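This report concerns only the one structure given below.
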Protein chains: 2
Amino acid sequence: MIVGYQTYIELLDGLIDGKEVISSGMTREVERCSLAIEKALAGNYVAVVSSGDPGIYGMAGITLELLEKQGAGDRLEVEIVPGITSANAAASSLGAALMHDFTVISLSDLLTPWEVIEKRLEAAARADFVTVLYNPVSRKRTEQIKRAREIFLRYRPRSTPVGIVRNAKRSGEEVTRTDLEGFLDNHIDMFTVVLIGSSQTYHTEKFMITPRGYNV
Amino acid sequence: MIVGYQTYIELLDGLIDGKEVISSGMTREVERCSLAIEKALAGNYVAVVSSGDPGIYGMAGITLELLEKQGAGDRLEVEIVPGITSANAAASSLGAALMHDFTVISLSDLLTPWEVIEKRLEAAARADFVTVLYNPVSRKRTEQIKRAREIFLRYRPRSTPVGIVRNAKRSGEEVTRTDLEGFLDNHIDMFTVVLIGSSQTYHTEKFMITPRGYNV
């Protein structure tokens, strides 16, 4: 039995033939997970489906939290199967953008106070991490990415390489290599991740590279 | 044609039957990549093999850097195939440890000045990131992990959850859930990653969980 968000279920084309599928809309995560646990307690093998890596802003956390809250942890066996999250997928499409220390930060302040996010952006910029921004923009949230850019501009030059990847490793993938000065001129939405380079990151004609430090 | 470090080539058991294999020891990365480029320029299809994700402290960067340096970028088509890096693999074995903003930091000061690493540890601890430490200890490097612990203790309580995963998702995997106070009592080596929780991370009986913020 397969439980998941409709959009992601559709990506499973061909892999789940003959399986019972329960799908629902976005922001119904708690409901979906409760149902999955209920079905599992009733004796079914249940797979909760998440895009990317379920353990990175995905369904792993909520599933385990609910399991714990319902005291069902002892009665069910759970396996979290890791996957390729947008950071890794996007970095590979850009070249080798994450070859040195990096941070992953979600700009969504729906579940996290903006002050906490801002503090993390500041820390990432100051300590020269390559930084991957998840959920950079939504229909209702358009200011956070501008604020993030301002914070990075305090610590890094305008020419700092930035990579923008939409639909990373999915059909219709769009890869843009640009810089901190101009990256907001590009289309950025919820299917996009933004990678801001460290002081060591550079663009070649085809690739965005953060060197590891090897003497080449 | 397959090029890679001997230990990783051995993990490919069965996948590369009939292919020509060129393997070499560790710290011969530049040599291996040069050879791979040479073979590709001679007209072969060449796969450079890396463990985990080649784009995270792997072979992607050095390959693209060498390609650029040799001016061979225009003559070869290169694809970086992303993979599952230790951070993701270990987090899934621990439960859902990376469900919120995180940093990945290598403690190896072979190619990076220790001051830079320490600055990043400090920033990660202060801004309440979940933090994944790569290359925590080697035969010659045993002090860095102690220093990292001291830095985190300045900002987080001794009870902060820590997860230690050795051989993540490989045979002989070892998963330990402990805390900032006592985690150095465990065996830690180059096959190990150490995950230090944020202020929100907690252990249940079976899992290490960083909540996303959902109201469960």
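A compact table of results
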{"read-out": "Rounded to 5, percent antiparallel among DSSP beta bridges of chain A", "value": "55"}
{"read-out": "Percent RCO, i.e. relative contact order, over region A:78-157, from Cα pairs under 8 Å lying at least 6 residues apart", "value": "30"}
{"read-out": "Apportionment of accessible area to carbon and sulfur, the protein assembly as shown, percent (1.4 Å)", "value": "48"}
{"read-out": "Region A:100-141 versus region A:7-22: alpha-carbon centroid distance in Å", "value": "32"}
{"read-out": "Per residue value of the accessible surface for region B:29-117 (all protein chains in place, 1.4 Å probe), Å²", "value": "38"}
{"read-out": "Descending semi-axes in whole angstrom, ellipsoid equivalent of chain B, from the Cα gyration tensor", "value": "35, 19, 16"}
{"read-out": "Per-copy distances of the A:D13 label point, shortest first, in nm (7 angstrom along Cα→Cβ)", "value": "3.7"}
{"read-out": "Point-charge dipole on Cβ atoms (K/R +1, D/E -1) for chain B, about Cα centre, debye to 20", "value": "580"}
{"read-out": "Area buried, chain A against chain B - accessible surface, total, 1.4 angstrom probe, square angstrom", "value": "5900"}
{"read-out": "Over chain A: helical MRE at 222 nm, DSSP H runs n ≥ 4 each giving -39500 (n - 2.57), nearest 500", "value": "-8500 deg cm²/dmol"}
{"read-out": "For region A:109-116, 3J(HN,Hα) per residue [Karplus equation, 6.51 cos²θ - 1.76 cosθ + 1.60, θ = phi - 60°, Hz, x = Gly/Pro]", "value": "9, 5, 10, 9, x, 4, 4, 5"}
{"read-out": "Using a 7 Å Cα-to-Cβ projection, A:K69 label spacings across copies, nm, ascending", "value": "5.4"}
{"read-out": "For A:W114, label point 7 Å along C-beta direction: distances to other copies, nm", "value": "4.2"}
{"read-out": "B:M208 long-range amide H proximity, modeled H, under 5 Å", "value": "B:G95, B:A96"}
{"read-out": "Selection from A:T63, A:V104, A:S93 lying farthest towards where the dipole of region A:56-112 points positive, charges on Cβ", "value": "A:S93"}
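The values are calculated or read from the model by the stated rules, or taken from the named source; none is laboratory data. Since we're looking at a predicted model, the values are computed, not measured. Heads up, the Cβs are rebuilt from the backbone with ideal geometry, glycines too, and the neighbour counts pull from every protein chain shown. With ligands, DNA and RNA removed, areas are computed over all heavy atoms of the protein, side chains included. Shrake-Rupley method; radii C 1.70, N 1.55, O 1.52, S 1.80 Å.
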